[in-house]
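First comes the structure, then the notes that go with it.
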Amino acid sequence: MRIRVLFLLSMAAAASLCAQDALNFPVPLAPEPALSSPALDALTRQAAQRAQELGFPTVAAELYRELLAELQRYPSLPRDDAADRSGLTLALATALLDDNRTAEAERVLNGYAGARGAAWHLRAGLAAARQRNLGAARSELGAVKAGELTPADRPWYFFLQAMLAGAAGDPIGAGDLYQQAVRAATTDLEKARFSLEREKEQLLVGPVSPATAEQTRQNAERFQGTATGYDFSRSYAVMLDALGQRSDAEAVLERQLLLLPGREERQRADDFRLLLGLIAGAADGGVGQRALTQLLETGSDPGRRRVALQLLATAALHGPDHALFRSELDKLIAGSAADPVLDDLLLFRAEWALADHDDARAEDDAHALLEKFPGSPLKGYAWSVLTGSAWEQRRYRTAADDAFQARAALPAGEARAELGVVVAEAWYRAGDFRSAADAYAEALREPPAIVRPGNLMFQLVKADIDAGEAGIASGTAGKEDALKDARNALDSLAGNPAFDAVDRWEAEWNFASALQRTGQTAMAYGRLNGLLAATGPAAPPALPPELRARMAWLQARLSLDAHQPRETLQLVDAMVASLDGIEPGLRTDIASTGELLKAQACFALDRDEAALDILKKLRADFPQTDAAVRSYIVEADHYVRQDRIVEAQQLLTRLADDFPGRNDYAPYALLQAALLAERLGQEKNLNEADKLIERLVTKYPDSPLIFDARLTQGDLLRKLNDFPKAQQVYESLCNNFPQNPDVIYAELALAECHNAQSANDPSHAESAIRLFAELRDRVDAPVDMRVEAGFCLGYLYETTRGELDRAQAVWWRDVVSAFLLDPERAGGIGAKGRYWMTRTLVELGELNERRGRLGEAKQDWELIVTSGLPGAEIARAQLARAGGPPAKP
């Protein structure tokens, strides 16, 4: 799904759906989470709606097609698919009608699967009228119940009546109805849109004979210079266009523009220029484009100027006119500050800039519109532009604020409700989970049609969970109280019928997982026990059968995590015996994972033979299930605990061989098999591990394990003394995964690779020095890594360059003083950093001793002892050899 507002599809400027992070992670015994999100859908829908309202129906139609295609790709999205598809289909048909693709619109309407109410009949009538099937159009109009129409559809209702009145030879009645359509529009832009539709409709005259056209020409000449003559000239141009004589029609209109007197006929000139633009077209620098540009620049009627703006903008979506139109907007905006269409111009330039990836310009224009025209009906559009720009740049806090303002600018309705979800999700993605929870609660008071209320309830609980865990992590909340809001939300929502079984299950799973992560497994287990055992009038509403089955599985799982394996065996047996009536797929998932839990419980009870028999039977009874695949990992873990490394490795390799299509498990099995081979330590084992990793990265290039696998491979190659190949691996990681938080370890390993090769090639020494210096100075690097890098840097200065003063400065100033002697940093030195600190002080002491600075050398060695660093015995030996008293820790 693409979210770049307005022009994204036509300009190929959009972000793909997969670029958007998922809101939540997979939950066992539940459908896979969709890659989309309600907020992303809402932004796309509002972009489509805005494109249509601003006069870009082609763009709107493409966006609606994308949304419909997404329903097909992701059938488990959190919304009512049938109702959603119906609404999107009607929106697509509307865009196609706006775009004069009437036959396409009719095909879309014929494929409509929803109830054919007033909205459907209205569009079917418009399609029939456009194709001059007037009988069908009247029939569809008669089926429209005006009271069922939305405010957005009411102008079209009058428009259809006007079309039919005009076709029936009632121009006065048609004119009145066209005016009603314009008056029913809610903004000046919408009014301009219907004025444009009227102009287009007037071009669709019935069959014209050359004789009729000739008579009209004669009348135009007879009454030349009068209002009647101008009307005849206009009609004559329309007839010539209908006869296929476009250039003659253009010539008539251009001549009339030259003959018009000055100020008195400005409105008539506007009319002729608009008609010339419609007949000749608004692109390619022709007479039509020039006429519309002049109308936009000098027209007396703001409504017609807005029509010209829409026509020029639509024609400039592609090709050389794109930059020209942007320049035209720049010129007009720089003109009079009192221009009555200045807010329209600012909005169009903001949208145009957004499509050109000029986010700063887009935001400046949107802010200018809001500041200069605080009462403009376009301010909702401006806030939407700001929301889309901030979301595109992942500035989610700003997006939340902007969406809140956009929502406040709209009346109650679907668009306003959708923005409530955007606000909530933006806060969630920004990591402000408390604000997100409040916003989800607000969205539940006005839920949009695009998302099931149950999904909003799940997200509310999830936000409360994350807020609680964040409080624990920051030390602002104790673990006993931190998740209280999530528990209260779960309990209060449990009786709501909209909180369906899947959403409730996913919420309970996430809550139980959070309790486990915070060391409250017993509480999680007790909660599930209470939910499943509750009876009597005070008990919560009965759990639906499928939810009860999922809860029973979680209860068994938690009993194992709570170190109650005997209870696990009993709970699994009771659970499996109560699966009658459960949907077959879910029943298979629960039964198979239940058997896996039993095997794990037997291992915990040292009933190894029974556990292995259960695993064997599981693979036979449920061969293609997740549980069967995971059984290999469970058994391999058992062998590892028994130090049967070869058997564990063989089992993991078998998993990868037997289930090559399981991208979720096979790469993991290959990586674990490689790590076990490395653990065996022989050269043949290291080579085998290297081959396993190469198989992983070749067969599963999109696996999230690629980075870890390549990092492991580089370490293997270093153990095999193949430093050139290891260097290539680390360089690949640094180049291809620059945003990975662990890439810094690849940078350190790369520096060490260069260091290892520096004895035979001075260029490697220079590369190593550069990399170690960068790592020493990186404030975002772990302290242990910076200490190690500082030691290696000083060692290279001493051994490869002979720069002893520089080596001493690095070791003392950048390692010892910067970390060991700094009270705030000293506590952050871990075991590995302490090892490198000892090596630094040993080498520094020996360097001082060789340079005749025995007193300083003794101080260096004494620091090892007094700081409690490892290697104290070595330091005491050095001190004894140097004749100093033994240092005391």
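The sole residue among ALA136, ALA146, ALA167 that is farther than 18 Å from ARG198 by Cβ, over 42 Å from the mean Cα position of the chain (by Cα) and of a type in the set (A, V, I, L, M) is ALA136.
How many residues, within region 357-378, are over 21 Å from GLU190 (Cβ atoms) and open to solvent by 10 Å² or more (accessible area, probe 1.4 Å)? Residues that pass the stated criteria total 11. Restricting attention to region 273-285, the residues that are touching a Leu at 6+ places or on another chain (Cβ under 8 Å) and either among the β-branched types (Val, Ile, Thr) or buried (at least 23 other Cβ atoms within 10 Å of the Cβ) (or both) total 7.
Listed here are the residues, each with its yes/no results for (1) free of Cβ contacts under 8 Å to residues at least 24 places away in the same chain; (2) assigned to a helix (DSSP H, G or I); (3) within 28 Å of THR866 (Cβ to Cβ); (4) not charged (D, E, K, R).
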{"residue": "ARG776", "(1), (2), (3), (4)": "no, yes, yes, no"}
{"residue": "ALA781", "(1), (2), (3), (4)": "no, no, yes, yes"}
{"residue": "ASP805", "(1), (2), (3), (4)": "yes, yes, yes, no"}
{"residue": "ALA809", "(1), (2), (3), (4)": "yes, yes, yes, yes"}
{"residue": "ARG813", "(1), (2), (3), (4)": "yes, yes, yes, no"}
{"residue": "PHE819", "(1), (2), (3), (4)": "no, yes, yes, yes"}
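So that you can scan it fast, the table gives a plain yes or no per residue for (1) within 18 Å of ALA119 (Cβ to Cβ); (2) touching a residue at least 12 places away in the same chain (Cβ under 8 Å):
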| residue | (1), (2) |
| --- | --- |
| THR150 | yes, yes |
| TRP156 | yes, yes |
| LEU160 | yes, yes |
| LEU164 | no, yes |
| GLY169 | no, no |
| ASP188 | no, yes |
| PHE194 | yes, yes |
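Applying a threshold of 6 Å to beta carbon distances and a minimum spacing of six or more residues, or different chains, the list of pairs starting in region 95-118 at a residue that is touching a residue at least 24 places away in the same chain (Cβ under 8 Å) and ending at one that is part of a loop (DSSP other than H, G, I, E, B) and among the hydrophobic types (A, V, I, L, M, F, W, C) reads ALA118/VAL144; ALA118/LEU149. Against the conditions (1) farther than 28 Å from LEU177 by Cα; (2) modelled with pLDDT of 85 or more; (3) surrounded by fewer than 21 Cβ atoms within 10 Å (Cβ to Cβ), GLY303 satisfies every one except (1).
The set of residues from region 488-499 being free of Cβ contacts under 8 Å to residues at least 40 places away in the same chain, open to solvent by 60 Å² or more (accessible area, probe 1.4 Å) and assigned to a helix (DSSP H, G or I) comprises ASN488, SER492.
For region 149-189, a residue qualifies if it is part of a helix (DSSP H, G or I), under 19 Å from ALA137 (Cβ atoms) and among the charged types (D, E, K, R), and the qualifying residues are ARG154, ASP176. Every residue in region 470-486 that is in a helix (DSSP H, G or I), surrounded by fewer than 19 Cβ atoms within 10 Å (Cβ to Cβ) and of a type outside the set (A, V, I, L, M), please. Within region 470-486, SER474, LYS479, GLU480, ASP481, LYS484 meet the criteria. The set of residues in region 85-125 that are closer than 23 Å to ARG138 by Cβ, part of a loop (DSSP other than H, G, I, E, B) and of a type in the set (A, V, I, L, M) contains only ALA115. When region 847-869 is filtered for residues that are of a type in the set (Ser, Thr, Tyr) and surrounded by fewer than 17 Cβ atoms within 10 Å (Cβ to Cβ), only THR866 remains. Counting the residues of region 399-443 that are open to solvent by less than 40 Å² (accessible area, probe 1.4 Å), of a type outside the set (A, V, I, L, M), part of a helix (DSSP H, G or I) and farther than 24 Å from PRO151 by Cβ gives 5. Looking only at residues in region 190-216 that are hydrophobic (A, V, I, L, M, F, W, C) and assigned to a helix (DSSP H, G or I), the one that is modelled with the highest pLDDT is ALA211. Can you report the number of residues in region 754-791 which are more than 39 Å from the chain's Cα centre (by Cα) and among the charged types (D, E, K, R)? Adding up the residues that qualify gives 2.
In the list LEU354, LEU317, which residue meets the criterion of being surrounded by fewer than 23 Cβ atoms within 10 Å (Cβ to Cβ), touching a helix residue (DSSP H, G or I) at 6+ places or on another chain (Cβ under 7 Å), modelled with pLDDT under 90 and over 19 Å from ARG198 (Cα atoms)?
Of the residues listed, the single one that is surrounded by fewer than 23 Cβ atoms within 10 Å (Cβ to Cβ), touching a helix residue (DSSP H, G or I) at 6+ places or on another chain (Cβ under 7 Å), modelled with pLDDT under 90 and over 19 Å from ARG198 (Cα atoms) is LEU317.
Counting only residues that are under 52 Å from the mean Cα position of the chain (by Cα) and open to solvent by 50 Å² or more (accessible area, probe 1.4 Å), region 243-257 holds 6 of them. All of PRO151, PRO171 fail the test of being open to solvent by 60 Å² or more (accessible area, probe 1.4 Å), modelled with pLDDT under 85 and out of contact with any helix residue (DSSP H, G or I) (no Cβ under 6 Å at 6 or more places or on another chain), apart from PRO171. The set of residues in region 112-140 being at pLDDT below 90 and open to solvent by 40 Å² or more (accessible area, probe 1.4 Å) consists of ALA113, ALA115, GLN131, ARG132.
Starting from region 577-604, take each residue that is outside any helix (DSSP H, G or I) and list its partners that are open to solvent by 20 Å² or more (accessible area, probe 1.4 Å) and among the basic types (Lys, Arg), counting only C-beta distances under 7 angstrom and pairs at least six apart or across chains. Cβ pairs passing all conditions: LEU579/ARG587.
The values are calculated or read from the model by the stated rules, or taken from the named source; none is laboratory data. A quick note: this is a predicted structure, and the numbers were derived from the prediction, not measured. Quick reminder, even Gly has a Cβ in these numbers, built from the backbone with ideal geometry, and neighbours come from all protein chains shown. The accessibility values were calculated without ligands, DNA or RNA, using every heavy atom of the protein model including side chains. Shrake-Rupley method; radii C 1.70, N 1.55, O 1.52, S 1.80 Å.
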